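Input: a single structure, listed below in structure tokens.
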Amino acid sequence: MSDGFVSAYIDRAKTLLNVSKDEELAQHIGVGKSTIASWRMRGVIPDKAFEQFETSIGLNRDSFRREWFGSSQAETLLSKIIFYSAVARLFRAHEADPVDRFAIGLAANEGDIRKLIVTRLHEKHGDQLDEQATVIAMIKRNSDEYITSEEMMALAGTPEQG
């Protein structure tokens, strides 16, 4: 997973330190050069090392994760799939109602709804969003885990009717 979150995080740390080599980064944080290579290869940085990065150079893992996944293809794909799955579920649940009752609100608020979905994806799955197997598993899950019909109705500006 050399092009994933861990490599991007390591590269950002090097940029912040104005160094170009993993060896220079390793010296700065007090680990061996092979440790950095190992993190890249395994796609995992130990929590203690993340703490060291934050303490020494101010690179916060969670902030970087939000920034990095904000441009992630996986995040975009998942949020769209979950959004449209939830829309379909909502339409099935309210098939007796006129579609325009909430369709206009959903279309107008799609960006905000997908931001909410992305936030929940990060809360539940963190940096696993760049792993293909995890993405596929999330697609197969019930989108209700990320946003309910009631929330969709509320975000569309239409009160839920029971």
Label model pair A88, S34: point-to-point distance (7 angstrom along the Cα→beta-carbon line) in nm is 5.0
Along region 40-46, Karplus-curve 3J(HN,Hα) (6.51, -1.76, 1.60; θ = phi - 60°) to the nearest Hz, with x for Gly and Pro, reads 4, 5, 7, x, 9, 10, x
Under the Karplus relation with 6.51, -1.76 and 1.60 and θ = phi - 60°, whole-Hz ³J(HN,Hα) for region 15-32, x at Gly and Pro, equal 4, 4, 8, 6, 10, 10, 10, 4, 4, 5, 5, 4, 4, 5, 9, x, 10, x
Given pairs K21/K48; K14/K124; K80/K124 and cut-off 27 Å on Cα-Cα distance, the over-length ones are K14/K124
Check: C-alpha center region 77-92 vs C-alpha center region 29-55, spacing in Å is 38
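Readers should treat all values here as calculations from the given coordinates under stated rules, not as data from a laboratory. The structure displayed is predicted, hence computed values, not measured ones. Reconstructed Cβ throughout: ideal geometry from the backbone, glycine too, with neighbour counts over all protein chains shown.
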